Amino acid sequence: MDLASAMPAYVLLAALAVIVVLLTVVAIVARAVVAKARPEDLQHILPGLGQVLAALTLFLPWGRGRRGPTGAPPVPARSERRGGPRRG
């Protein structure tokens, strides 16, 4: 059984419309940010814009990556500092 026969057409069209609107908003915001930036600031702005785009891919069903034991190990939120207070 494929996806098209499992869901009504209006659900697929609504999901497609949401994705198109999200991509359009992202494109408008990215274009505005790059247009207003000074050329010497672009090297600092583009990595941040890339992080924003990477975060927005989580709204897409295929943007979440693999889960489970085959995925990459979790990255700790904070690295321990040398000379700081020790826990445990």
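The values are calculated or read from the model by the stated rules, or taken from the named source; none is laboratory data. Since this is a predicted model, take the numbers as computed values, not measurements. Please note: Cβ atoms are built from the backbone with ideal geometry, for glycine as well, and neighbour counts cover all protein chains shown.
Residue count for the range 27-82, restricted to those that are of a type in the set (K, R) and modelled with pLDDT of 85 or more: 3. Of the numbered criteria (1) surrounded by fewer than 10 Cβ atoms within 10 Å (Cβ to Cβ); (2) at pLDDT below 85, the one A9 fails is (2).
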